[in-house]
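J.: Mind having a look at this structure? Questions to follow.
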Amino acid sequence: MKIKWALLSLIFTITTVLTGCDQPLLVLDPKGPQAKTLSDTIIFSMVIMAGILLVVYILYAYMLTKYRASKMGEDYEPPHEEGSHTLEIIWTLIPVIIVVVLSVVTVRSTSDVEAVPKGYEEDKPLVIYASSSNWKWHFSYPEEGIETVNYVNIPTDRPVEFRLYSHGPISSFWIPQLAGQKYAMNAMINELNLVADAPGSYIGKNSNFNGKGFAHMDFEAQAMTASEYVQWVEDVKETAPKLSEKEFNSLLEIDFVGRKTYSSNHLTFSPPPVGNHGHNPDEKDGKDASEDESNSHEEHNQH
Amino acid sequence: MKIDNSLPLEYSTEENRLKILGFWIFLGAEIALFSTLFTVYFVLVNGVGNGPSPKDIYELKMVLIQTFLLLTSSFTIGLGIHAMRLGLKKAMMTFFIITLVLGLGFLVFEIEEFITYVHEGATIQTSGFLSSLFTLLGTHGLHVTFGLFWGTAILMQVKKQGFTPETTNKSFIFSLYWHFLDVVWIFIFSFVYLKGLM
Amino acid sequence: MKQLFPVSHVMGFVFSLVLSLVALTVVFYDMSYAMGMTILLITAFAQASVQLLMFMHMGESKDKVTLYTNIAYALFVGVFTILGSLLLLVWDI
Amino acid sequence: MKWDEFFVFTHDPMLFAAMISIVLGGLAIFVGLTYFKKWGYLWTEWLTTVDHKRIGVMYILVALVMLFRGGVDALLMRAQSAVPENGLLNAQHYNEIFTTHGLLMILFMAMPFIIGLMNVIIPLQIGARDVAFPRLNAVSFWLFAAGAALLNISFVIGGSPDAGWTAYFPLASLEYSPTVGNNYYSLALQISGIGTLMTGINFIVTILKMRAPGMTLMKMPMFTWSVLITNVIIVFAFPVLTVALALMMLDRQFGTQFFTMSNGGMDMLWANLFWVWAHPEVYIVILPAFGIYSEIISTFARKNLYGYKSMVVSMVAISLLSFLVWAHHFYTMGQGVMANSIFSIATMAIAVPTGVKMFNWLFTLHKGKITFTTPMLYSLAFIPIFTIGGVTGVMLGMASADYQYHNTMFLVAHFHYVLIPGTVFAVIAGFHYWYPKVFGYQLNERLGKLGFWLITISFNVAFMPLFILGLNGMTRRMYTYSEETGFGPLNMLSFVGALGLALGFIVLVYNIYWSARYSPRDTSGDPYDARSPEWSTHSPVPVYNFAIVPTINSLDAFWYAKKNKAPFFEGKYEPIHMPSNSGQPFLMGVAFCFWGFFMVFSWWIPAIISALGIFATMIYRTFERDHGYYISVEEIERTENALRGDKQ
């Protein structure tokens, strides 16, 4: 009896908490096709898992209520049961089928979210280098030639290609409402494709523990319409100061910093890593490549 | 203690059989250990940084000498165990001493190889590749070194006590260890040196 | 004297020397990477088997099923650790 | 090294109090032992023992102490997160605490608790007089104890590791973690890991070679099967840890370039090696739990285990699969879709054998006669709670979805939902279940049940909210968060649950104390009318375990012998050969502890001297001639009569 009550109260708490929130949970409130794919995948898997839980719980409740010693009588002696081939095959095969279904879903959704979102393949993506140092994020826009710190502005309805790396320990770049996360590491570029459907301000953060300032390492990702975005870039180019190598190096050194905006970026004097997984095929090549942004990066990421 | 005379002395008691099986399982763990070291080496072999690459430093002649010494020592310790089963103490001890001398020779050449590398500016701190190379070779070399001490301790016991269930058991287990080091070397020879020079 | 050098041991030793020489061909002859690796894999595992079976008497005890299982399990773990790590860290597919 | 770096003098009152209490506690033990003149007893009966039962008890004792320490860590963490912008702990303390919480709970609580239970029970369950290598068993324990001591010393001297229990490079490198904390990590884990590897070999040989006559592999009790498979995993997984830790030490203390950011090193290689070991490690702590539940459920349902063969097959499958799924811990590291898909499918495949086991347990209950004792309650609570952990595991196994769960509280909730019902409930259940076997009296049932309800309900209160927090974007390992995130209320709820859990464990400890004083003694040796051979001998178990080794002709042979009123032991007493005690393992552990300590601080000369000490104990061992001793027939008769309660 007590178990039943415990379970009931448990289910009650979960439902109240889940429905009681004013806002939907971040991960289940997607604002772009990549996050939508993930949210759908998650909800799909939750439904299947709830089904499995239900089967187990029904069986469990049945066994516990029916076969209690207090109900079975003094001289009831349980039978010897070796097992049943039919039953065992059933509860092997059904999970196998479920796993197959989930595998198909996983493989498809994984390749979907790794690629440029469907419907945007033809558009020219906006490339942004996002790199972490200590407990801040640097966003460099190679095409626009500008750089921001701890906030990133992107146009809506245009594919954005984040190229992630780190100036130190591994961090993980994550904007829950736009796309899943990916590691930013020292000697390797990771690529993250996303599109924002709707204008708005989204929370972005580092989700991989990287030292004492980790908890403060979040940033704002602001999605704005194409015209607003162009306007913003213009403003930055006109008003913001240039980012000198000296200033960039001092930025790398300090632990925390507020928002910053610059009308040039660090890629020119501090090139991002090239090659794959720490094995630079040729150091010198890397330096040349970063000076000539638009075409050389294409090949570096096609390994 | 029950002694089963139908079996070789090293298998003759239950305790001895347990120890031999236990040691085999330990060798299974050693396979996992060296596999991990090989994993590290294979992953980092291209991580030469500013240091030399495999082709720059490997010398076939040194490697061949080491390989020959270790292969022969594996052969002689096999003969030693064979002699032990025939009950020939003197022959067994001779073969064991030859084995240990060959092992020592192997070590001398390995150390000489390391010294050459260091003189060429290739130290364990130079690059990911060299760190993994020195660690893989060094772990094997440490096993050989440990084996030399262990083998000597066993020889002293055989000399003093003759062939008893204990001493034969220890000698047999030591032979398993030594053969295993040869197996590891074969993989180092093939997949570190020969592949590196290929 | 002759009884000290049993044929199987001597054969095993000769075998391992010959296999080492065969493996050496990958250095002296120009061949493709795949070819070279194949030769190395075959010779290395053949040599290991010579050691395990002819020198280490793997099949002689009553526990030989356990011993074979043990080595097989170790190789399973070793091979998949190596392949999996290469897949994740180097091959990048 | 300056002295103020050496001793961690902090101005934090809480840490300072903890430090003082460690020192005072140590002092109290020392004074107490001297005052009651127990040093001799301690040395001859415990420190030098090679008896598997006593070694098991010592393992469990250390595990309980570590459970306390890890539990305090957990409470502090939950207290710190209970409200936004909390100032209870600063970032550095919080980081040290979640790091040591992880390390202690997995490596120095869960695993030793399980190894302790298997030490006590396995020889009894297979009808053996001891493990295959009693001396090695003692060495294993003392190496483990040396590692545990070393890690706990870090709290007072030099600073604890603070880069997470995963210690990812480059964060854990000398550059980003300059304190000796991660040196402690590499050395403490290395030393206890070697001990664990030795345990693995020891128990494989024990189970394969020392079973009572007639007990074929398919007639072994399920706990023995699970322990056999666990030890197989130990033997092949721990060498990977050995290598990984050695490389960590080389990188941090000898300037090598394995995981560095330049010169061809690769930081991801650490993550890779770590998880190659750490994923099988999860199964090392889960599989024996499956065995414990199988024993308890079939005992208290008074029914044989349903689908025995498929249980065994599924455990073997899990053990193989456990080596093929490590990459699911870092799907987000940027490997290709292909690699992620392969590891995803392998991960989800584990759900199949686990599901088989789940249904087999449910059908063991079917047509049974279920009594709700404390161990049974834990085993029954395991089924629904662990299923939640299992299905969320499948969800996390889906690579794409994991991009959203990775490093969040959802993950934290998942693995606590697996490890607490999977391992902690199991060891507590096993502790209650086998307690009378070791001490000769049962733990109090009322207190046991009170503890059970407190622990089970509080557990759900503490961890269910974390699923929701995770989906709301709260990442793990954050020492603080701002008000506007909205994470506050659920974290507070979780803290309340953590307090309840603490209360539950206090009840558990009180129960041990209460039962030691008031519980009625049990002389039957078989208080539950159970099925497996360990219940056929006396409680407490005599040093030789079985006066006559039983012959086993079926699974649950003891049960059928009772039912058919047939004798279980047949034959005459014969002299029993026993291994003699030795101080060598203890001294070896001490030498290892000193070696580790000096290595942590890179004090080479003392380290070399301690290393020579280690070799000295090994040389002593190889030249030692110890054939053990025999217990005579008369003495066996005397002991047996006394244990049966006959007055002489």
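The values are calculated or read from the model by the stated rules, or taken from the named source; none is laboratory data. Computed from a prediction, not measured in an experiment: that's the story for all the values here. As a convention, Cβ positions derive from the backbone with ideal geometry for all residues, glycine included, and neighbour counts pool all protein chains shown. Note: accessible area is taken over every heavy atom of the protein model, side chains too, but ligands, DNA and RNA are not part of it. Shrake-Rupley method; radii C 1.70, N 1.55, O 1.52, S 1.80 Å.
J.: Restricted to segment C:48-83, and to residues that are at the interface with another protein chain (Cβ under 7 Å from one of its Cβ atoms) and over 17 Å from the mean Cα position of the chain (by Cα), which residue is least open to solvent (accessible area, probe 1.4 Å)?
T.: Here the residue is C:81.
J.: Would you be able to say whether some residue in segment D:150-168 is among the aliphatic types (A, V, I, L, M), open to solvent by 10 Å² or more (accessible area, probe 1.4 Å) and not in a helix (DSSP H, G or I)?
T.: yes
J.: Just for segment C:1-47: of the residues that are part of a loop (DSSP other than H, G, I, E, B) and surrounded by 12 or more Cβ atoms within 10 Å (Cβ to Cβ), which one is farthest from the other protein chains (Cβ to nearest Cβ)?
T.: If we take residues in segment C:1-47 being part of a loop (DSSP other than H, G, I, E, B) and surrounded by 12 or more Cβ atoms within 10 Å (Cβ to Cβ), then C:31 is farthest from the other protein chains (Cβ to nearest Cβ).
J.: Given the conditions (1) assigned to a helix (DSSP H, G or I); (2) over 30 Å from residue D:372 (Cβ atoms); (3) touching a Gly at 6+ places or on another chain (Cβ under 9 Å), which single one is not true for residue D:273?
T.: In the conditions (1) assigned to a helix (DSSP H, G or I); (2) over 30 Å from residue D:372 (Cβ atoms); (3) touching a Gly at 6+ places or on another chain (Cβ under 9 Å), residue D:273 misses (3) alone.
J.: Right, next: Considering only residues of segment D:466-492 that are under 27 Å from the mean Cα position of the chain (by Cα) and more than 7 Å from every other protein chain (Cβ to nearest Cβ), which is most open to solvent (accessible area, probe 1.4 Å)?
T.: D:476
J.: Look at segment A:88-115 and say how many of its residues are open to solvent by 50 Å² or more (accessible area, probe 1.4 Å) and touching a residue at least 12 places away in the same chain (Cβ under 8 Å).
T.: 2
J.: Just checking, which of A:52, A:42 is β-branched (Val, Ile, Thr), in contact (Cβ under 8 Å) with a residue 24 or more places away in the chain, open to solvent by less than 60 Å² (accessible area, probe 1.4 Å) and closer than 28 Å to residue D:398 by Cα?
T.: A:52
J.: Being facing chain D (nearest Cβ under 7 Å), open to solvent by 30 Å² or more (accessible area, probe 1.4 Å) and farther than 22 Å from residue D:560 by Cα is the filter; apply it to segment A:59-84 and report the residue that is modelled with the highest pLDDT.
T.: Ranking the qualifying residues of segment A:59-84, first place goes to A:59.
J.: While we're on this one: Take the conditions under 27 Å from residue D:335 (Cβ atoms), open to solvent by less than 40 Å² (accessible area, probe 1.4 Å), touching a strand residue (DSSP E or B) at 6+ places or on another chain (Cβ under 9 Å) and of a type in the set (A, V, I, L, M, F, W, C) and apply them to residue A:130. Does it pass?
T.: So residue A:130 fits the description; yes.
J.: Next up: Within segment B:152-165, count every residue that is in contact (Cβ under 8 Å) with a residue 24 or more places away in the chain, open to solvent by 10 Å² or more (accessible area, probe 1.4 Å) and within 10 Å of another protein chain (Cβ to nearest Cβ).
T.: Qualifying residue count for the region: 1.
J.: If I ask for residues that are part of a helix (DSSP H, G or I) and open to solvent by less than 10 Å² (accessible area, probe 1.4 Å), which ones from segment D:205-221 would you list?
T.: D:205, D:206, D:207
J.: In segment D:568-606, what count of residues is obtained for those that are at pLDDT below 90, open to solvent by 30 Å² or more (accessible area, probe 1.4 Å) and touching a Pro at 6+ places or on another chain (Cβ under 9 Å)?
T.: Here the count works out to 2.
J.: Name the residue that is farthest from residue A:249 (Cα to Cα), counting only residues in segment A:146-191 that are assigned to a strand (DSSP E or B) and facing another protein chain (nearest Cβ under 7 Å).
T.: Here the residue is A:180.
J.: Right, residue D:436: in contact with a helix residue (DSSP H, G or I) (Cβ under 9 Å, 6 or more places away or on another chain) and in contact (Cβ under 8 Å) with a residue 24 or more places away in the chain or not?
T.: no
J.: Could you say which residue among D:232, D:227 is part of a helix (DSSP H, G or I), open to solvent by 10 Å² or more (accessible area, probe 1.4 Å), within 30 Å of residue D:127 (Cα to Cα) and more than 7 Å from chain B (Cβ to nearest Cβ)?
T.: When all the criteria are applied, what remains is D:232.
J.: Test residue D:192 against the stated conditions and say whether it is open to solvent by less than 10 Å² (accessible area, probe 1.4 Å), touching a Pro at 6+ places or on another chain (Cβ under 7 Å), in contact (Cβ under 8 Å) with a residue 24 or more places away in the chain and in the same structural domain as residue D:242 (by TED's automatic domain parsing).
T.: no
J.: Please state which of the following conditions residue B:108 fails to meet, knowing it meets all the rest: (1) touching a residue at least 60 places away in the same chain (Cβ under 8 Å); (2) farther than 21 Å from residue B:93 by Cα.
T.: (1)
J.: Residue pairs, Cβ under 7 Å, 6 or more apart or interchain, first in segment D:249-276 and at positive phi, second hydrophobic (A, V, I, L, M, F, W, C) and open to solvent by 20 Å² or more (accessible area, probe 1.4 Å). List them.
T.: D:264/B:48
J.: Now a separate question. List the helices (runs of 4 or more DSSP H) that sit entirely inside segment B:1-117 and contain at least 3 residues that are facing another protein chain (nearest Cβ under 10 Å) and open to solvent by less than 30 Å² (accessible area, probe 1.4 Å).
T.: Counting at least 3 such residues, we get B:14-44, B:60-85.
J.: Kindly provide the set of residues from segment D:607-634 that are open to solvent by less than 80 Å² (accessible area, probe 1.4 Å) and assigned to a helix (DSSP H, G or I), ordered by number.
T.: Scanning segment D:607-634 gives D:607, D:610, D:611, D:613, D:614, D:616, D:617, D:618, D:622, D:633.
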